[in-house]
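**Q** Structure provided below as structure tokens; questions to follow.
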Amino acid sequence: MDDVVYQCDGLTEGDIAFLQKMECNLGILADISRSDVLMYAQLSSDQAVVIAQARPHSIAPVHAGSLLGCIVTSAEQPLVLRTLERGRFSHGNLRLITNESPVVQRVHPIRNAEDKLIGALSIETNLLEQERHRRRSRVFQQALSLLQQMVLRGQLEGAQDLSPFGEHDGIIVIDEQKRIQYMSGIATNLYRKIGYVESLIGRRISSLKTADDNLASIAVKKGRCIEQEVQEGNRIWIKKAIPLMAWEGRPAHWRKFLPWPTRNSHPPYQVMLTIRDETEARYRERELKVKSAMIQEVHHRVKNNLQTVVALLRMSARRAKSEETRRALQEGINRIMSVAVIHEFLSHQESQVINIREVSQRIINQMQQGVLDPEKQIRLDLRGPNVYLPARQATACAMVINELLQNAVEHGYERKPGGTVSVQLVDEGDGVTITIQDDGVGLPADFDREQAENLGLQIVHTLVEHDLRGQFELEGGDGVRAVVSFPKLVGGDELWNEPG
């Protein structure tokens, strides 16, 4: 609810709490009535303000954007101001300025338990949908009317826990004898899928081999909306039960809202059941889970195989007689381990998006355990935010970071007792920059990157230009500064955004 409600004169803390409770129910009301629902409060004698809004999921909304905090006058919203002034129901046509579409507007007064007028509820429907509603069964119209009045009375419980009601959801209305009084066309088609081809109007729900009877009973007993996922035959359905209770136990002035002809007798209750077929969605979800599990298992096996290769190379390195051979084997081990890190991440998560900062930290840990000379005081430092990349780019990044770190550690401190090598990550939105800088001896005076025979630099150059489609710069001076920059890519040239 918009904070502007606290600026409305005459509203107590209890009134605001009542309006906030009502707000929780606006979503289901908007969905089932296929209307935009706006809650207004009086701001001044000639001004009202929108303090809450709900747009339907079951139909295209009348208002495309948010109107929260929007202040209106009697010239702009005459029905709203009239209702707030007189405390009576108003209805008429409203023409939207944005697209000149005619809209049917029904404005109800909002009263608290003490019969004090505290706001207005505007239910706005496009003219075509209003005509469809006028042609619907009287039973459904009465049920919807009662639902609206329950929301106005703050009597609807549990609606905030319901999932949205969509355009492909069916509706059933059951009376107090648990007989089906109304079934929408969608609901009728859904029940035909589980074998009920004849009309179900007038039948008791207890005669159906479904969960409807139990769900309706629970909703009535608890006096609140209930939602369950149930298996009906070979179908998976999401069912909601909305108990439509009457005015019992409420102030007498609310009786005038009841849809039944007689208001003196005890009015019956109804239950509105809604049904959504989730079968295909659940099957797709299960298929994705199976595929994801299979992919994770593949990554797990690749990681294990790479670790086996690393173990064999380490055995060879221990038996090597020359220092040059041992160094070459160790470099190969580090390259393989940088790739294994990526597969290890992918084997433990369903997403194919990897946080390159975590990968960098894992590579640094491996360097500290297996590459750094224990006789030298070399510190590896990681800076920067989380950077999320697809697996293909993350693999190339891992190898680039590994090569540049290894190059800095091996060549930067040959004539120095120690220093610091830093890895700086920068997320630029549509691109990434990785800077690896050391405070070592620097580049030779005659260094030419294009002519350099260093295998590590050649690997970096190839990965950056061909895999990452980026740029690689190497600067000397006080130490060496390597800068890798590249765009975020997914598949072709789509930008990848951080999840959430």
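**Q** Among Ile434, Ile378, Ile401, Ile459, which is under 28 Å from Leu489 (Cα atoms), over 36 Å from the mean Cα position of the chain (by Cα) and surrounded by 14 or more Cβ atoms within 10 Å (Cβ to Cβ)?
**A** Just one listed residue meets the conditions, Ile459.
**Q** Those residues that are over 27 Å from the mean Cα position of the chain (by Cα) and either in a helix (DSSP H, G or I) or not hydrophobic (A, V, I, L, M, F, W, C) (or both), I need them from segment 5-31; list them, please.
**A** Of everything in segment 5-31, those that are over 27 Å from the mean Cα position of the chain (by Cα) and either in a helix (DSSP H, G or I) or not hydrophobic (A, V, I, L, M, F, W, C) (or both) turn out to be Val5, Tyr6, Gln7, Asp9, Gly10, Thr12, Glu13, Gly14, Asp15, Ile16, Ala17, Phe18.
**Q** Taking Glu229 as meeting all but one of (1) surrounded by 15 or more Cβ atoms within 10 Å (Cβ to Cβ); (2) within 21 Å of Pro164 (Cβ to Cβ), write down the number of the exception.
**A** Of the numbered conditions (1) surrounded by 15 or more Cβ atoms within 10 Å (Cβ to Cβ); (2) within 21 Å of Pro164 (Cβ to Cβ), the odd one out for Glu229 is (1).
**Q** Can you tell me which of Met245, Met183 is modelled with pLDDT of 85 or more and of a type in the set (A, V, I, L, M)?
**A** So the residue among Met245, Met183 that is modelled with pLDDT of 85 or more and of a type in the set (A, V, I, L, M) is Met183.
**Q** While we're looking at this one, here's another question. Only residues that are buried (at least 24 other Cβ atoms within 10 Å of the Cβ) and within 15 Å of Leu68 (Cβ to Cβ): list them for segment 23-33, please.
**A** Selection gives Ala30 alone.
**Q** A further question on this structure: Taking strands (runs of 3 or more DSSP E) that fall entirely within segment 378-451, which contain at least 3 residues that are closer than 17 Å to Gln471 by Cα?
**A** Numbers: elements: 388-390, 418-427, 431-438.
Output list reads 418-427, 431-438.
**Q** Would you mention how many residues in segment 200-212 are surrounded by fewer than 16 Cβ atoms within 10 Å (Cβ to Cβ) and touching a residue at least 12 places away in the same chain (Cβ under 8 Å)?
**A** Of the residues in segment 200-212, the ones surrounded by fewer than 16 Cβ atoms within 10 Å (Cβ to Cβ) are 201-204, 206-207, 209.
Those left that are additionally touching a residue at least 12 places away in the same chain (Cβ under 8 Å): 201-204, 206.
Residues meeting the conditions: 5.
**Q** Filter segment 120-142 for residues that are among the small types (Gly, Ala, Ser) and at pLDDT 90 or above; which is farthest from Arg179 (Cα to Cα)?
**A** For segment 120-142, the residue satisfying everything is Ala120.
**Q** Also, I was wondering about something else. For residues in segment 269-300 being modelled with pLDDT of 80 or more and part of a helix (DSSP H, G or I), which is farthest from Thr188 (Cα to Cα)?
**A** For segment 269-300, the residue satisfying everything is Arg284.
**Q** May I ask you to verify whether Gln177 is assigned to a loop (DSSP other than H, G, I, E, B) and modelled with pLDDT under 90?
**A** Here the answer is yes, as Gln177 does meet what is asked.
**Q** Counting only residues that are within 21 Å of Leu273 (Cα to Cα) and either of a type in the set (Phe, Trp, Tyr) or crowded, with 24+ Cβ neighbours inside 10 Å (or both), how many does segment 34-46 have? If you could, list the steps in order and put the result at the bottom.
**A** Taking segment 34-46 as the starting set, the residues that turn out to be within 21 Å of Leu273 (Cα to Cα) are 34-35.
Still in the running and either of a type in the set (Phe, Trp, Tyr) or crowded, with 24+ Cβ neighbours inside 10 Å (or both): 35.
The qualifying residues number 1.
**Q** Any chance you could count how many residues in segment 173-199 are surrounded by fewer than 20 Cβ atoms within 10 Å (Cβ to Cβ) and at negative phi?
**A** 17
**Q** Now, a different point. The conditions are (1) in contact with a Phe, Trp or Tyr (Cβ under 7 Å, 6 or more places away or on another chain); (2) free of Cβ contacts under 8 Å to residues at least 40 places away in the same chain; (3) not acidic (Asp, Glu), and Val104 fails exactly one of them. Which is it?
**A** It fails just one condition, (1).
**Q** Please state which one of Ile110, Ile123 is closer than 28 Å to Lys221 by Cα and assigned by TED's automatic domain parsing to the domain that holds His57. Lay out the reasoning, then the answer.
**A** Values: Ile123 fails: closer than 28 Å to Lys221 by Cα.
Going through Ile110, Ile123 in turn, just one is closer than 28 Å to Lys221 by Cα and assigned by TED's automatic domain parsing to the domain that holds His57: Ile110.
**Q** Since Ile342 meets every condition but one in (1) without any contact (Cβ under 8 Å) to a residue 60 or more places away in the chain; (2) part of a helix (DSSP H, G or I); (3) over 16 Å from Leu463 (Cα atoms), which condition does it not meet?
**A** Here Ile342 meets the rest and fails (3).
**Q** Residues Leu215, Leu162, Leu190, Leu146: which one is in contact with a helix residue (DSSP H, G or I) (Cβ under 6 Å, 6 or more places away or on another chain), in contact (Cβ under 8 Å) with a residue 12 or more places away in the chain and not assigned by TED's automatic domain parsing to the domain that holds Leu38?
**A** Exactly one of Leu215, Leu162, Leu190, Leu146 is in contact with a helix residue (DSSP H, G or I) (Cβ under 6 Å, 6 or more places away or on another chain), in contact (Cβ under 8 Å) with a residue 12 or more places away in the chain and not assigned by TED's automatic domain parsing to the domain that holds Leu38, namely Leu162.
**Q** Of everything in segment 462-476, what is part of a helix (DSSP H, G or I) and either surrounded by fewer than 18 Cβ atoms within 10 Å (Cβ to Cβ) or outside the structural domain of His411 (by TED's automatic domain parsing) (or both)? Give them in sequence order.
**A** Passing the criteria: Thr462, Glu465, His466, Asp467.
The values are calculated or read from the model by the stated rules, or taken from the named source; none is laboratory data. A quick note: this is a predicted structure, and the numbers were derived from the prediction, not measured. Counting neighbours? That spans all protein chains shown, and the Cβs are built from the backbone with ideal geometry, glycine included.
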